[in-house]
Structure formats: structure tokens, C-alpha cells
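Some notes on the structure that comes next.
The values are calculated or read from the model by the stated rules, or taken from the named source; none is laboratory data. These numbers were taken from a predicted model, which means no experiment stands behind them. Because the Cβ atoms are built from the backbone with ideal geometry, glycine has one as well, and the counts that use them run over all protein chains shown. Quick note on the areas: whole protein, heavy atoms, side chains included, nothing else; ligands and nucleic acids left out. Shrake-Rupley method; radii C 1.70, N 1.55, O 1.52, S 1.80 Å.
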Amino acid sequence: MGNCFSDMEGGKQAVGAAQLRHTASGTSNNNNGGHNDAVDFFYKSRGMHPLFTQIELSLSASNLVDRDYTSKSDPMAVVYAKKKDGKLEELGRTEVILNSLHPAWIEKVTIAFQFEIVQPLVFHVYDVDTKYHNIPVKTLKLKEQDFLGEATCVLSEIVTKQSRSLTLNLHNKNGKTGLRNFGALTIHAEETVASRSAVEMTFRCAHLDNKDVFSKSDPFLKIYRIVESGDYVPICKTEVVNNNLNPTWKPLCMSMHQFGSKDNPLIIECFDFNSNGNHVLIGKIQKSVADLEKLHKGRSGANLTIASSHVGHEKVLKGQLFVDQFCQKEQYSFLDYISSGFELNFMVAVDFTSSNGNPRNPESLHYIDPSGRLNSYQRAIMEVGEVIQFYDSDKRFPAWGFGGRTFDGTISHCFNLNGSASSSEVEGVEGIMAAYSSALHNVALAGPTLFGQVINTAAQITGDSLSYNSNKYFVLLIITDGVLTDLQETKDALVRASDLPLSILIVGVGGADFRQMEVLDADGGQRLESSTGRVATHDIVQFVPMQEVHSGQISVVQALLEELPGQFLTYMRSRDIKPRSPHVAQTSASLLIH
């Protein structure tokens, strides 16, 4: 997904700087809202995983149990990630603080924050015996230390707090405190961001050499950072300008996390685009960001070079690179917005068309198994809802069905799943599950498969929220088994909705041919176009066929949600919406409480 080099039109799109999904420092750029395929490819081709947002956890405790007789306990904390199989993976340990029941540890524990999965954490606090005080904490055998208490939470619970701090009561390993007070543990999360500074530049070239025979070159720029090993790490590329030897490209934004420092050397290569992928090098130049700023201030150009026939020599070309615009700005991360009070509001729409099969039949996609085994619809609701619920303060979710014959005998393409005539909202993920199960007894499956009304209803709610609250971003999950009957109407609805703070996740269940859905997911680089010729502002759709996902290693949640932080940031940055100040966020929170 997101492979913008997979086809001709996609290959001509820009790949924005700093677009490591919501990765690295979380500073994904807003050129096209996707992740940086060039960087992903660089890491994956070397067997390396793409970067994620690094979080540092700081720990402190209060009122710990005193295990020592002649002095106070000497506490140390250990942080674990809890895996799906229930096993604990140690992430790190603090130092030992001597003689304290209220420790504030200096040693931090680092964890990679991944928005698209739930990350359960377990914290253990130990009293380290005096005889081990000169031994490195990493080598301590925990079984030989006195256990002081345990606490558990999910990483999302910490980072969504406006203070990014969460206080938990410590308890025994069996989860009980009993009559005894084991004290409390406070965890504070901070992104390991060296700098939020970014630079936006508009590049132009003049008098480029023509590499085509029957027309002019189709130039684009590709920018690399030189690392200590001498490798070129690709940062970004511009879009292709067709048939032009004096091109001006759309602005590119690079975060300091990507270019390192203003004095770090960058390689800028100019290519003539070829649809077969064999792009022809027109020329290149080596400049730092500081050098590029000087070019802008001096309104001067720098000549491109190309390797000459003499080994070790370069030929200076007539073609020049100019920097028409240069400005420094702050690039806020996804977590900057979330911790300042921005929310993700979850909405669900479920397919009730007859192609799902009679719900009483075990072969039906809607069959509710008495053993408790979840069907595909239930799995999608649970897995996506469990992630997003932490980012929604009231946890009241609109839930609809479409393609079903309701109690009054009419076929509806957007009915309230809970059966209410006035409100579509249910309480929590459990409320969605209960409303879905109940609807299967009260709604007859019908058809055809139409998305238009559901998308328009979600867009209406989203649009209405803008008049009174600008800190909400909406996420609509559509679960379907069939091929769309209203493809063009759906495109029209999506293009209209692309101006709103809304992302749409589509899960395909069953064995239908879902190639049609790929059209809605603009990962190929071709944006949706309405029947009137209007083009979507940006990509707001992510489609995943559940059958394909569950046959591999990636979960449906990861596949669905991987682009969401980028889409969120694209919307916020395109409208210059900044995270709220702590004072504003706290005032809003108190208003919600009262």
C-alpha cells in the first residue's frame, strides 16, 4: 500500500519529505499525506524495519512498601511490553534509588509508539538488596529481589493525556491490592524529538539538457542525505513536470529529523522521467540546507554537474538549480495534537446485504457463533475499535447498517444499528457489538450495496462539528462483503468529504472480487475524481480485504490504520491548524467535565 512507484501516474507524484508514516519523530509531511516510499524502500531493501515514533518513559513512585528493617527500600522499576500470547518482553530498567519510598528515576525507558496497534505495558517495582548495589542493573536477577508491586496500562492511555502522564495504583501480581496500600506509579511519556524545525523550499531549474528525441524532458528532483557510512538515504522527490526544460516544482517540506542539520550535505539529482523506470540523469548538485538558503537569499542559481568521460572529473552543465522560496517552520507531530486535546471520533457502518448469507446459517458471514468465536464483522469492529477508543473521550460511537430491510419493511442504506429512531450513538465498542448482534434479529438482509448515504451521513456529522469544535477528527469504518452498485455516487461523496477532517476505512470480508475497492483507495497515486471533474483534496480512504490480511503476518488493524496519522496531519497542516496550548486544552477539558 502507498507504493507510488507502482504505475506511471503514481510514479509521477511527489513523495514528501519526512513522510515516514507517523514515524521517526512523528513529523510526517503534508505533500501527499502518505508515508515515504523512497525511505521505506531504502530500509526494507537492507533488511531494516522502518522507523517509528520513539517515546521515552520517565517513571516515579510514591508511598512504596518498605521491605527494609534498618532503612527504607531501594527501588528499581522494570518496564515490559505484553505480547498477544501473554508473555512479557522486557523493554528496560531504571537505576536503583537508595533509601526511598518516593523515587523519581532518572533512567528512561524507550519504546516505539505504533498508533495502529494496542500496546499493553506492565510495570514491576523491586526493592534491590544491598549486596547487589554495585552490580549493573541489567544483570540483576529479578527473582532475587523483593517485589514491591505491579501496574498495567496501554501506551495510548499515557500519550492521550494532556500532561502525557498517568498515575496507576500498584498491586500484587495477582492483580489485587487487598487491605494493603502498595503505593502508586506515575509514568510520563515524551517524544524523543531532536527538533520540530522544518524547511519548506520551492525548487526551479533553468536551461536543462534535453534527454528526449521527439519532445522535451519530463524532469523531477530526488533528494538524498549523506550519512556517516557514505550511503545516500533518500529523503524525498518532487512530482514530474511534463515536457519542460525550465520546470518549477511544488513546494517540498523537509524536517530537521530528515536532513540532520543545516550544514549536512545533501545530494539533489535531476532526472528525466521514463515510464519504464529507467529514468535518465540530467544532472546533480551537492548542497546543504544552509547553501540552499544562501541561493534563495542571493536569488542566484547553482550549476548542475554530471560525470565526465574522464574518471573522477565532473562536467559543469548549463542547467541551473534555483530556490525560489525558503522558509523555516514548526512541524508538529501526531502526538502533539493528540496530547493537546484533539480527538479521533469513531463511526461504524455494517453491510446488511443478502450476499452475506442467512445469519442463522453457519456459512453466513453474519453468523453469530454460540461458542463465542467472532465472525469477520465482529473481528473488524473489535480490532479497530480497541485501538481508536483511547483517542475518543466520551466513547459514544455512531453505528449504522446499510442494505437491510428495516422493521417498517423499507430497504434502508443508512439505518441506526441500535434500532433507535433518533440517535445512532452507542456506548463503547461493546455497544457496537451488542447493537450489531441485535440488528441481525430485527433487520432482514436485502441490497444492493450502496455506500453513498453512509458516507454522506458521516460527512454531515463531521461538517456540523466544525461549527462548534475544531479539535475533532472523524474515522468511519465500513465493513462490506460485496461489490459496489453506486461506484460513481460513492466517488462523488468521497470527493466532497475530502475537504473534511474525515478518514474512511473499508474492510472487505468474504471472498468477493474487491478490485473495484482499490479504485477508492488512492494509494496508486491517482486521486479520486467526481462526476463533475472535481479532484479529491487528498486521499481519505484505506481499503483492506480481511481474507488477504489474515493470511499474512500483518493484522487487519495495522493494515487499516497505518495511513491514518498521515491523513490526520495532512488535514491539520493544510489548514494551518496547530496543537492547542496547554492552557486552552485544560480549559476545554474542564468544560467537558462540567
In sequence order, calculated HN-Hα J values of region 149-165 (Karplus, 6.51, -1.76, 1.60; Hz; x Gly/Pro):
x, 9, 9, 9, 6, 10, 3, 4, 5, 7, 6, 8, 6, 4, 8, 6, 10
At 1.4 Å probe size, with the rest of the protein present, what percent of the exposed accessible area of the chain is carbon and sulfur atoms?
50 percent
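From the protein chains alone at 1.4 Å, what is the descending order of accessible area for ASP521, ASP146, largest first? Mind dumping the intermediate values first?
On the way: ASP521 10, ASP146 70 Å².
Ranking ASP521, ASP146 by accessible area, largest first, yields ASP146, ASP521.
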For region 484-544, what's the relative contact order in percent, using C-alpha pairs closer than 8 Å and at least 6 residues apart?
48 percent
Could you pull the accessible area for ASP324 with a 1.4 Å probe, rounded to 10 Å²?
70 Å²
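Do me a favour and compute the ellipsoid semi-axes for region 305-451 from its Cα gyration tensor, root of five times each eigenvalue, largest one first, whole Å. Walk me through the numbers before you get to the answer.
On the way: eigenvalues 534, 100, 53 Å².
Calculated on Cα positions only, the semi-axes equal 52, 22, 16 Å.
Of the chain, which part is the longest with no chymotrypsin sites (Phe, Trp or Tyr not before Pro) in a loop (DSSP not H, G, I, E, B) and with at most 13 other C-beta atoms within 10 angstrom?
That gives 215-406 as the longest site-free run.
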Antiparallel bridges, percent of DSSP beta bridges restricted to region 342-575 (to nearest 5):
30 percent
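Quote the relative contact order of the chain in percent (integer), defining contacts as alpha-carbon pairs under 8 Å separated by 6+ residues. Please report the intermediate quantities before stating the final value.
Working: 1364 pairs, mean separation 81.8, N = 594.
The value is 14 percent.
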With a 1.4 Å probe and all protein chains kept in place, how much accessible area does THR537 have, in Å² rounded to the nearest 10?
50 Å²
So what J values fall out for region 527-544 if you push phi through Karplus, 6.51 cos²θ - 1.76 cosθ + 1.60 with θ = phi - 60°, rounded to Hz, Gly and Pro as x?
6, 5, 10, 7, 5, 8, x, 6, 9, 4, 4, 7, 6, 10, 10, 10, 10, 9
With an 8 Å Cα cut-off and a minimum separation of 6 or more residues, compute the relative contact order for region 342-575 in percent.
19 percent
Compute the orientation-averaged projected area for the chain from the convex hull of its Cα atoms and round it to one decimal in nm².
33.5 nm²
Convex hull projection area averaged over all views, region 53-193, Cα basis, nm²:
9.0 nm²
As I understand it, the dipole of the chain uses +1 on the Cβ of Lys and Arg and -1 on the Cβ of Asp and Glu, about the Cα centre. Which of MET433, SER581, ILE97 lies farthest toward its positive end?
ILE97
Quickly work out the SER531-to-SER423 label distance, labels modelled 7 Å from Cα along the C-beta direction, and quote it in nm with one decimal.
3.6 nm
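Quote the convex hull volume per residue of region 342-575, based on C-alpha atoms, as a whole number of Å³. Let's see the in-between values first.
Values: hull volume 29.5 nm³, N = 234.
Convex hull volume per residue, Cα atoms: 126 Å³.
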What figure in square angstrom, to the nearest 10, would you give for the accessible area of ASP66 with a 1.4 Å probe?
70 Å²
Can you sort ARG496, ARG379 by solvent-accessible area, 1.4 Å probe, largest first?
ARG496, ARG379
What are the ³J(HN,Hα) couplings of region 400-410, residue after residue, when phi is run through the Karplus curve with 6.51, -1.76, 1.60 and θ = phi - 60°? Round to Hz, x for glycine and proline.
10, x, 9, x, x, 8, 7, 4, 8, x, 9
Compute the separation of the alpha-carbon centres of region 305-354 and region 497-518 and state it in Å as a whole number.
25 Å
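Would you compute, from DSSP H runs of 4+ residues alone, the mean residue ellipticity of the chain at 222 nm, taking -39500 (n - 2.57) per run and dividing by the full residue count, rounded to the nearest 500? The partial results should precede the final answer.
Working: 15 runs with 131 residues, N = 594.
The helix contribution divided over the chain gives -6000 deg cm²/dmol.
Suppose R0 equals 35 Å; then what is the FRET efficiency for ARG575 and HIS296 from their Cβ-Cβ distance, rounded to the nearest 0.05?
Details: r = 26 Å, r/R0 = 0.74.
FRET efficiency, ARG575 to HIS296: 0.85.
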Choose one of PRO370, THR532, THR53: the residue whose Cα lies farthest towards the positive end of the charge dipole of the chain (beta-carbon charges +1 Lys, Arg; -1 Asp, Glu; about the Cα centre).
THR53
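Enumerate by residue number the trypsin sites (Lys or Arg not before Pro) in region 116-207 meeting two conditions: DSSP loop (anything except H, G, I, E, B), and at most 12 other Cβ atoms within 10 Å of the site's Cβ. Before the final figure, lay out the partial values.
Numbers: sites: LYS131, LYS138, LYS141, LYS143, LYS161, ARG164, LYS173, LYS176, ARG180, ARG196, ARG204; in loops: LYS141, LYS161, ARG164, LYS173, LYS176, ARG180, ARG196.
Those that pass, being in a loop and sparsely packed, are LYS141, LYS173, LYS176, ARG180.
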Would you work out the charge dipole size for the chain about its Cα centre, treating the Cβ of every Lys and Arg as +1 and the Cβ of every Asp and Glu as -1, and quote it to the nearest 20 debye?
1120 debye
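Taking only complete DSSP H runs, can you tell me which helices of the chain stretch 27 Å or more along their own long axis by Cα positions and average at least 1.0 on the Kyte-Doolittle scale? Don't skip to the end; give the middle numbers.
Numbers: long enough: none.
Helix filter hits for the chain: none.
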Whole-angstrom gap from region 194-215 to region 107-159, using each part's C-alpha centre
49 Å
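Using DSSP to call loops (not H, G, I, E or B), can you name the GluC sites (Glu not before Pro) in region 188-270 whose Cβ has at most 10 other Cβ atoms within 10 angstrom?
Working: sites: GLU190, GLU191, GLU200, GLU228, GLU239, GLU269; in loops: GLU228, GLU239.
Loop-located and lightly packed - GLU228.
Which order do LYS237, LYS83, LYS318 take by accessible area at a 1.4 Å probe, largest first?
On the way: LYS237 5, LYS83 95, LYS318 145 Å².
Of LYS237, LYS83, LYS318, the descending order of accessible area is LYS318, LYS83, LYS237.
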